[in-house]
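Below you'll find the structure, written out as structure tokens, and then a few comments.
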Amino acid sequence: MASRWATKTRAPYLHWLNLVSHEYFHTWNVKRLRPVELGPFDYETENTTRGLWVAEGITEYYGGLMVRRAGLASDAEYLGTGKEPARDSLSDLIHTLQTTPGRLAHSVAEASLDAWIKLYRPDENSKNTSISYYVKGAAIAWLLDARIRRATADAKSLDDLMRLAFTRFSGERGFTEEEFEAAASEIAGTDLRQFFDHAIRSREELDYSEALDWFGLQFRGADENGKPERKSWLGVDTRVDGGRLVITRIPRGGPAENSGLMVDDEIIALDDFRVRPEKFEKHLENHAPGERVSVLVARRDKLERHELTLGEPWRKWRLEVSPQATVTQKKHLENWLSCEHKETSSGPGT
């Protein structure tokens, strides 16, 4: 099913490896270890569960991590510490989550339960109203991994939780939400109910500070030359359709949200200067964030003018190793990425 060009160059090859790794990990997680609601599977009706963040989110997390641990990707490729984070990197995953307004309108448990009516039936407003349990689930898996490692002084990790869950719950029955969370608390040696209430069941922002501190990482706040990134942003997503620049989404919280612009509007000009699709981003560079502009659009062949104030793009959530990382933090990072573990066992892990 993959393109014949999927392994020709480095970036598509890494994406292909991550896909293979993700699906292979499903041999254990979901095929044998699954939420109780998914077994035995009913192929005639929708099977709803709040546990898809475990089934798909944790699998998505391990998909990329296993490629790194197998030595098929570098630390930089997996973490996404380059100038442009690679697709499927941890930076790319976090950036996708943090630039999806729906993360504040939909918990990952709700996203899991609504999979059949939302994730698989998206529209132009989905980004504003919902979140992917693949994406947020993977981010939560990373935070949970860091939480367990910190609580046990690097003696235990998410690997141990998955082994324990596999030993106890794999087979016909599966696990309940409460059982999986109790197993996590058991491995961590501390009560993690507050962590799960916040990360899984609430619509609040995830807190990355603990994981960043444990691994000696930080989010980059400037460009490659050390200068803050200050580009202007119209607040729309677009596509080129037959030579026309057409609005496909208007993210909530962006400059265009209350300007009267609509999905399917064709952008014709900014401040009465013609905008050609291939030069749209370049054209925006002539304007500073905070500048008031006039946007001329065609809506069902009728020209309309809308005024708005340009903003700055949502920050790029790009990870990097902190220049102040200690020897201990660097060791934590090495242990995690290289999977230097104490024991071997059946099920997912090393």
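Throughout, read-outs are computed from the coordinates displayed, never taken from laboratory work. Values in this document were obtained by computation on a predicted structure and should not be read as measured data. Cβ: placed from backbone, ideal geometry, glycine included. Neighbour counts: every protein chain shown.
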**Message:** Filter Lys156/Lys316; Lys282/Lys302; Lys136/Lys330; Lys8/Lys118; Lys118/Lys302; Lys136/Lys279 down to the pairs with a C-alpha to C-alpha distance above 29 Å, please.
**Reply:** Lys156/Lys316; Lys8/Lys118; Lys118/Lys302; Lys136/Lys279
**Message:** Just to be sure I understand, if you calculate semi-axes √(5λ) of the Cα gyration tensor in Å for this structure, which of (i) 41, 28, 21; (ii) 50, 25, 19; (iii) 39, 24, 19 do you get?
**Reply:** (iii)
**Request:** Step through the residues of the range 286-298 one at a time and calculate ³J(HN,Hα) from phi using the Karplus curve (6.51 cos²θ - 1.76 cosθ + 1.60, θ = phi - 60°), rounding each to whole Hz and writing x for Gly and Pro.
**Result:** 7, 10, 9, x, x, 7, 7, 10, 9, 10, 9, 10, 10
**Fill in**
Toy charge model, Lys and Arg Cβ at +1, Asp and Glu Cβ at -1: the chain dipole around Cα centroid in debye, rounded to 20, equals 760
**Asked** To one decimal place, what Kirkwood hydrodynamic radius in Å is obtained for the range 237-309 from all pairs of distinct Cα atoms?
**Response** 12.4
**Request:** With a 10 Å radius around each residue's Cβ, average the other Cβ atoms per peptide and rank 51-63, 257-269, 124-136, 200-212, highest first.
**Result:** 51-63, 124-136, 257-269, 200-212
**Fill in**
The answer for the chain, counting only DSSP H helices whose Cα atoms cover 20 angstrom or more along the axis and whose Kyte-Doolittle average is 0.0 or greater, is 133-151
**Request:** Give the long-range amide H neighbours of Leu245: residues separated by 5 or more places, or on another chain, with amide H under 5 Å away, using H modelled in the peptide plane at 1.01 Å from N.
**Result:** Ile267
**Prompt:** When the Karplus curve 6.51 cos²θ - 1.76 cosθ + 1.60 is applied with θ = phi - 60°, which whole-Hz ³J(HN,Hα) does each residue of the range 74-88 get, with x for Gly and Pro?
**Reply:** 7, 4, 4, 5, 6, 6, x, 8, x, 4, 10, x, 5, 4, 6
**Among Leu33, Gly216, Ile268 the positive-end extreme of the charge dipole of the chain (Cβ point charges)** = Ile268
